[in-house]
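Structure record follows, encoded as structure tokens.
Bear in mind that the values in this text are calculations on the coordinates, not laboratory data. Everything numeric here is computed off the predicted structure, so don't read it as measured data. Cβ sites come from the backbone with ideal geometry, for glycine too, and all protein chains shown count toward neighbours.
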Amino acid sequence: MPNQQDITLQTKNLSIGYFHKNGNHIVAKNINFFSNKSELIGLVGSNGIGKSTLLRTLCKVQNALSGEIFINNQNLKSYTYETLAETLSVVLTETPASKNMTVAELVALGRQPYTNWLGTITENDKTHITQALEATEMMSFKDRKCYELSDGQLQRALIARALAQDTPIIILDEPTTHLDLYHRASILKLLKNLTKTTGKTILFSTHEIDLAIQLCDKMLVMTPEECYFGDPCQLIEAGHFSKLFPKNLIDFDVEVGRFKIIN
Amino acid sequence: MFFANISLGSVAIPITEVFKSLFHLSVENTAWNFIIQDYRLPKALTAVMVGSGLSVCGLLMQTLFRNPLAGPFVLGVSSGASLGVALLIMGAAGFGGILGTALLGTWSLVIAAGLGSFLVMLAVLAVTVRVKDTMAILIIGLMFGSVTAAIVGVLAYFSPAEQLQQYIFWSFGSLGNNSWEGMLVLFICFIAGLSMSIFTIKPLNALLLGENYAKSQGLNIAKSRLIILIATCILAGAVTAFAGPIAFIGLAVPHITRQIFTTASHHILIPAVTLSGAIIMLICDSIAQIPFTDYTLPINAITSLVGAPVVIWLLVRKRKLLF
């Protein structure tokens, strides 16, 4: 157990799901994990297992059924949306509603928690925007409109916006969907580098189990029975990845650390 | 544009004389002076406020509903005002006699239109709380519009010809029937709505990302949505009450402005739309006068004739309306 001071994000016996009048619908329960500064954490699980529900609960979009979430050792319940916006930023699966803005304008919107009632951009804000654009290698695209970008570039622009929000924690929901193998790898490598250079905690959900195993510091594996947390090597040795999917079609090969189709 | 608009009309007044009259210098022709100060000037000022008000309204709604087709006319706000006025004018016939005429003051017309649009806006607002899908909200708005139009139709069927004509004239839209007292009320509503929309610049920019992103940036969605809707309600309600249901300005002007300024940032769009809304409305009004003739066309016909081709042209050229 590391020093309690360094823990940025932690859950204790968290149950997630939906409130109903006649009995709550539990999506997943007994979720326990913690993250430190400068850590990249991958969240994997099959479709419909509750990855997005978990991320939404962590971002306070929906409430936990039971259990607790701590952000910087403070209960999530004690955060308002305003203070949370300075602690946690997100990259969602949805693209911006309007793509009629430049990359620089999109990234500048990330400064909103710090700007005045009119949203005026100060010199300090500009420094953050420039840093975010440089970190994501989007500087040369800053005057492009969002509708002119490829999927990979748009994803980078959205990550830059989250960086400009200057929060110790960033949460991404499936940042690699719609991308080819090269761009999937480049996005995940970017996230890895960001954790090392900025000291941020980055949590992301993904279906790229192979890539995640190679890059993540810790992984959270959601299976129908239980949620497992640990570093990728431990999880492989314990055989937890093979519990992800039904075994009639694919199985996890512990030797090479990847899934194989059963002949 | 403003002074050209005052100068043009069934009686052409030289622009130098217009300036003289406006700055209280001696004007040779007293009839001109009267026309300018009591008719043309209020009309031009009304045109400015109507054009700006409806355009800002359209801009707010397009961003709030994340839909390029949104506007006061589409979402049933204007139809709500029409229903209010129709109920007043044609309902007054039912009361008959003295009570009927007492009800028909200019003020009651304004209040009826304002209440009507406010009620429809409230209904749309109530729906937005329950329905998250913006497309569904838009369709519901259209349905409200159809229902109110149908009720107006039923009322019209049972109304005497005189009341019917009065309502039809109102629905043509008019910038000219405004007294100085009416101008003051419109001006107060206009300034109130406009200053509220300045406070919505930051939330509107956040909403360009979508509601979930806006929320993650610490925006209080419910509060922002309420401010935006109240601002649109004040602007659309007041304008429609004084000038009748004016089509297309609210929908077309924001798109035209976005084409000129090629930005989505409301820091630029709110003042730009305010200005271009006023200019376009003045142009439409000048056309409606048919300069140097005695005819004045209904303003609503002109805004549609100008607005519809512009929207079609934009769609054909860009193939996609961005907001």
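Could you tell me what percent of the DSSP beta bridges with both partners in chain A are antiparallel, to the nearest 5?
Working: 24 of 42 bridges.
The answer is about 55 percent antiparallel.
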Grab the beta carbon distance between B:Glu162 and B:Asp38, set R0 = 25 Å, and tell me the FRET efficiency rounded to 0.05.
-> 0.40
Could you give the nm distance between label points at A:Leu181 and A:Asn124, where each point is 7 Å from its Cα heading toward the beta carbon?
-> 4.7
Site A:Thr83, offset 7 angstrom along Cα→Cβ, radius 20 Å on amide nitrogen, limited to the stretch B:198-235, gives B:215-221
Apply the Karplus parameterisation 6.51 cos²θ - 1.76 cosθ + 1.60, with θ equal to phi minus 60°, to every residue of the stretch B:33-44 and state each ³J(HN,Hα) to the nearest whole Hz, in sequence, with x for glycine and proline.
-> 4, 5, 4, 5, 6, 9, 10, 5, 5, x, 5, 5
Mind checking which of A:Ser205, A:Ser15, A:Cys233 is farthest towards the positive end of chain A's charge dipole, using Cβ charges of +1 (Lys, Arg) and -1 (Asp, Glu) about the Cα centre?
-> A:Ser15
Of A:Pro168, B:Trp32, B:Ser276, whose Cα points farthest to the positive end of the dipole of the protein assembly as shown (charges on the beta-carbon: +1 Lys, Arg; -1 Asp, Glu; origin at the Cα centre)?
-> A:Pro168
Per q in 0.12, 0.15, 0.16, 0.21 1/Å, what log10 I(q)/I(0) does a Debye calculation on the alpha-carbon atoms of the stretch A:103-166 return?
-> -0.25, -0.39, -0.44, -0.73
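Nearest 20 debye, what's the magnitude of the dipole of chain A about its Cα centre given +1 on Lys and Arg Cβ and -1 on Asp and Glu Cβ? Show your work: numbers first, answer last.
Details: 26 positive and 28 negative charges, 84 e Å.
Around 400 debye, computed over chain A.
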The correct pair for the stretch B:214-312, radius of gyration to one decimal and Dmax as a whole number, both in Å and from Cα atoms, is 16.4, 59
Helix axis angle, A:123-135 relative to chain A longest principal axis, alpha carbon, degrees = 50
Projected label distance in nm at B:Leu305 and A:Lys29, using a 7 Å step from Cα toward the beta-carbon = 7.2
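Per residue, how much space in cubic angstrom lies within the convex hull of the C-alpha atoms of the stretch B:2-318? Walk me through the numbers on the way to the answer.
On the way: hull volume 45.8 nm³, N = 317.
Dividing the Cα hull volume of the stretch B:2-318 by its residues yields 144 Å³.
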Note, ³J(HN,Hα) from phi for the stretch B:150-162, Karplus 6.51, -1.76, 1.60, rounded to Hz, x at Gly and Pro = 5, 5, 4, x, 4, 4, 4, 4, 9, 8, x, 4, 4
Connecting every pair of Cα atoms under 10 Å apart in chain A and solving the GNM, the largest mean-square fluctuation among A:Tyr182, A:Tyr114, A:Tyr18 falls on A:Tyr182
Could you state the number of Å between the C-alpha centres of the stretch A:28-105 and the stretch B:230-294?
-> 42
Counting only residues 5 or more apart in sequence or on a different chain, those whose built amide H sits under 5 Å from that of A:Leu220 are A:Gly42, A:Leu43, A:Val44
Mean separation of Cα contacts under 8 Å, 6 or more apart, over the residue count of chain A: relative contact order % = 24
List the residues whose amide H sits under 5 Å from the amide H of A:Lys200, counting only those 5 or more places along or on another chain, with H placed 1.01 Å from N in the peptide plane.
-> A:Ser38
The ³J(HN,Hα) series, computed from each phi in the stretch A:244-259 with the Karplus coefficients 6.51, -1.76 and 1.60 at θ = phi - 60°, rounded to the nearest Hz and given as x for glycine or proline, is 5, 10, x, 8, 6, 10, 10, 9, 8, 8, 5, 4, 9, x, 8, 7
Quick shape check on the stretch B:110-182: root eigenvalues a ≥ b ≥ c of the Cα gyration tensor, a/c under 1.5 is rounded, otherwise prolate if a/b tops b/c, else oblate, and it reads oblate
Peptide-level mean, for A:116-127, of C-beta atoms on other protein chains within 10 Å | 2
Sort A:216-225, A:102-111 for me by packing, meaning the mean count of neighbouring Cβ atoms within 10 Å per residue, highest on top.
-> A:102-111, A:216-225
